[in-house]
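Below is one structure; the comments refer to it alone.
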Amino acid sequence: MLSRAQASARLQLLRREIDRQRALVHEHDTSDLSEAALDSLKHELSALEAQYPELVTPDSPSQRVAGGVLPGFRKVAHTQRMLSLQDVFSREELEGWHERNLKLLGEAPSYYVELKLDGFSLSLVYENRVLATAVTRGDGMVGEDVTAQIRTLDSVPLELPPEAPAGRFEVRGEVLITKADFHLINEEQIKEGKPVYANPRNLAAGSVRQLDPALTAKRRLRFVCFGVPSAEVLTHEDEHLFARQLGFWVEPHSKACTSTDEVWDFLQAWDTERNDLPYGTDGAVVNVQERAYFQKLGVVGKAPRGAVAYKFPAEEGTSVVRDIELTVGRTGVVTPTALLDPVQLAGTTVQRATLHNADQIARLDVRIGDTVVLRKAGDIIPEVLSVVMGLRPPSALPFQYPETLGGVPLVRAEGEVAYRVDPAAARTLGAVLQRQIEHFASRGAMDIRGLGEQTAATLVEAGLVRSLADLYLLTFEQLMSLEGFAEISAQNLLASIQASKDRPLSKLIYGLGIRHVGEETARTLCTFLGQQLGVGRWPLARTIAVLRLQTEASLQALPDVGAVVASAIHTYLTDSHEQVVLDQLIDLGVQAPLEVQAQARAGVLTGKTLVLTGTLSRPREEVALEIRAAGGKVSGSVSSETDYVVAGEKAGSKLREAERLGITVLDEAGLAEMLDAA
DNA sequence: AGGCCTCGAGTTCA
DNA sequence: CTCGAGGCCT
């Protein structure tokens, strides 16, 4: 919560930045901030003003209806004010609005939901069925006369059919440009070395505000009607039908609903389906269906109560960096994370975002106190896109890494992006040990159920676990003495730890956390050991003994193992600490068996590389196992080396990449068929 | 030396 | 998912 003085300073910055953005958009049709990010700033502004109403100034952007009037066009007053709509962002807010309708009307209205298209609003006035004027929305009261420009649009009838009423008749709608045309025009701009348009709305607005109508005509603009306020009809839906009869294009996906459940279903469905529409939408308008009710609900401030604009969860937003936290990973790499004021992003509340490394911080020039633009990368992980420089407090200093972390010196290795804690001292840090244990116990490694972040922290803090081997020394009594352990959970954990002794060798090697040795390299080592030892089932004592015989040179002979990886493995095996740990694991009965089959039968997929993507019906690891059993290799990324891509539900970029490269795409059934063919 | 390609490691929220 | 970096081929 900001103090009054802090709020006042912040408000000033926000107003200045929002005004600057508005000037950019409306006078130059460019922008250096996305629509969603700007929305987010406006949202913060109104929230702060709501909190400190006495700080609202008459010139605040919140006091104005979007738009503004540009010099060069004749100003025209709207006969009926063009209102704006109140925004709702969640189901709760939608239900709240419905409750209010219910209270004010005494009974539930029905609703008509229509997609809100991404263009700019326009009012057409017909006099005796002939187009008289076309006026932009402007500030809602007064707009600009763009009749000459609008006349060039095919989708605006210059004359209405006889069904239209005589006299003055108003038609309202949105002027927009399709996504395809938007991209086409921006490509032209790039070719000509001109600035690109930030979004279709800016382009549509810019195209209409060409003083020369011939220029407007070249842009393929379309008028889409959303209302005929002066028509004599009973429902909002009828307005749409009537407009269609008169020859206007009306967005065809609108839906009549009798409950908010139905409304919500519509909104949820279109949140994803809208991506397939040829034009952009950033929300939907929920209208009270019955006109009489709509009138009765009236207008409050500058918005009618009978309709709200639902905004689809934005993929971009803004927030303020309160602090930069440094966390140390299992390898000793120190990663900076921005701690943020909570912000809604694509349907979740985001409070932290990784800054990756020192380079990234320097590139973005992120500082504590900065306002940043955030996006969800791949719909999951928040990412800092940029800093809004106009909102930087004067006191913000460039971020500096400290010299030490937890008393251990931080070093940045030659040519590396990352800072690490001094490797020799890393194992003395509880945080590093905790991460090592988490990794060792993770699903891809030893798969010890019940040993996650929380438990690992408890065990390390209590001093019960000082190395990976200590896990196998834990007793029931020790666990019971810990906070948060009951009989059942203690027994379960001990059982999981026992069970982990029989995981395959590759899982153990991966779990050890040797630098540069991941799942793939662990398997490479196992294949090599299999060749050395021959057919049989080999215990850890034997496999480790063979590994310890290897020189760096012999390791380098393995596929995908070069100088760096070989050295890392060799260093690990000869490190005195690690030797003790490995010997202990052997003594404590960790088998980690290496099974060597008589002869890896050549399967149907021998020599083939496959990539799995999307949601499969079974765990990915299970499918991967079958593919490997058939001789195939499972890789993480699609390239020209890939033979098949197996796509499940909701496959994303990898599927597109596969299509681009012309790689055969299989579904799960297709894969099963190939495997069965063996 | 340069340019793929693959692997490793770290990441957020519900 | 994304980025950095190691391995390997040209």
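Computed from the coordinates by the stated procedures, all read-outs in this text should not be read as laboratory data. On a predicted model such as this, the values are computed, not experimentally measured, just so you know. Using ideal geometry, Cβ is built from the backbone for each residue, glycine included, and neighbour counts are taken over all protein chains shown.
Structure notes:
- Three-way shape label, segment A:4-63, alpha-carbon gyration tensor, a/c 1.5: prolate
- Extended-chain gain in nm, criterion 0.36 nm per residue less alpha-carbon gap, A:THR30 and A:GLN478: 154.8 nm
- Restricting the calculation to alpha carbons of segment A:609-676 gives Rg and Dmax of 10.8, 29 angstrom.
- The largest-to-smallest principal axis extents of the Cα set in segment A:427-502 are 30, 26, 19 Å.
- Using alpha-carbon coordinates, inclination of helix A:260-273 to the longest axis of chain A, degrees: 70
- Loop-located trypsin sites (Lys or Arg not before Pro) in segment A:461-548 (DSSP state not H, G, I, E or B) with no more than 16 neighbouring Cβ atoms inside 10 Å: A:ARG466, A:ARG515.
- Angle between chain A longest axis and helix A:620-629 axis [Cα atoms, degrees, rounded to 10]: 50
- Separation of the A:ALA563 and A:GLU92 label points, Cα + 7 Å toward Cβ, nm: 5.9
- By the helix-only formula, in which each DSSP H run with n ≥ 4 contributes -39500 (n - 2.57) and the sum is divided by residues, chain A has a 222 nm mean residue ellipticity of -11500 deg cm²/dmol.
- Using only the C-alpha atoms, the convex hull of segment A:244-383 corresponds to 183 Å³ per residue.
- Annotation: segment A:227-280 has a Kirkwood hydrodynamic radius of 12.9 angstrom, from the mean reciprocal C-alpha pair distance.
- Scalar couplings 3J(HN,Hα) for segment A:653-664, obtained by applying the Karplus form with A = 6.51, B = -1.76, C = 1.60 to θ = phi - 60°, are 5, 5, 5, 4, 4, 4, 5, 4, 8, x, 8, 4 Hz; x denotes Gly and Pro.
- Taking a point 7 Å from the Cα of A:ALA486 along the Cα-to-Cβ direction, none of the residues of segment A:455-475 has its backbone N closer than 14 Å to it.
- Inter-label distance, nm, simple model (7 Å from Cα along the C-beta direction), A:SER576/A:ALA148: 9.0
- Taking all Cα pairs closer than 8 Å and separated by 6 or more residues, the relative contact order of segment A:132-290 comes to 26 percent.
- Longest to shortest principal axis, alpha-carbon extents of chain A, angstrom: 97, 66, 58
- Fraction of the pair-distance distribution of segment A:505-596 above 17 Å, Cα-Cα pairs, percent: 44
- Averaging the sequence gap over all C-alpha pairs within less than 8 Å and six or more residues apart, then dividing by the number of residues, gives chain A a relative contact order of 9 percent.
- In segment A:571-639, the C-alpha radius of gyration followed by the widest Cα-Cα span (Dmax) gives 17.7, 45 angstrom.
- Computed over segment A:205-315, the P(r) curve from all C-alpha pair distances, binned at 10 Å from the origin, holds 11, 34, 36, 16, 2 percent per bin.
- Taking each residue as 0.36 nm, the span from A:GLU416 to A:GLN51 lengthens on full extension beyond its C-alpha to C-alpha distance by 126.7 nm.
- Full extension of the chain between A:LEU666 and A:ASP19 yields a length gain of 227.7 nm, computed as 0.36 nm times the residue separation minus the alpha carbon distance.
- Which of A:MET141, A:MET446, A:MET82 has the fewest Cβ neighbours within 10 Å, and the rest in rising order: A:MET141, A:MET82, A:MET446
- Cβ-based charge dipole, segment A:609-676, positive-most Cα from A:LEU612, A:ILE627, A:GLY670: A:LEU612
- A:THR404/A:ALA292 FRET efficiency (R0 56 Å; Cβ-Cβ; nearest 0.05): 0.20
- Summarising the label geometry, the points placed 7 Å from Cα in the beta-carbon direction at A:ARG618 and A:LEU241 lie 5.4 nm from one another.
- Using alpha-carbon coordinates, inclination of helix A:35-51 to the longest axis of chain A, degrees: 80
- Protection proxy ranking of A:332-344, A:168-180, A:271-283 - average other beta-carbon atoms within 10 Å, highest first: A:168-180, A:332-344, A:271-283
- Long pairs among A:LYS194/A:LYS302; A:LYS103/A:LYS376; A:LYS103/A:LYS311; A:LYS255/A:LYS302; A:LYS116/A:LYS218; A:LYS255/A:LYS296, criterion Cα-Cα beyond 29 Å: A:LYS194/A:LYS302; A:LYS103/A:LYS376
- Proximal charge balance of A:PRO229 [Cβ under 10 Å; K/R count +1, D/E count -1]: 0
- At an R0 of 56 angstrom, the distance between the Cβ atoms of A:GLU273 and A:ASP583 translates into a FRET efficiency of 0.40.
- If R0 is taken as 35 Å, the Cβ-Cβ distance between A:ALA457 and A:ALA396 corresponds to a FRET efficiency of 0.60.
- Scaling against 2.2 N^0.38 Å puts the C-alpha radius of gyration of segment A:75-311 at 1.03.
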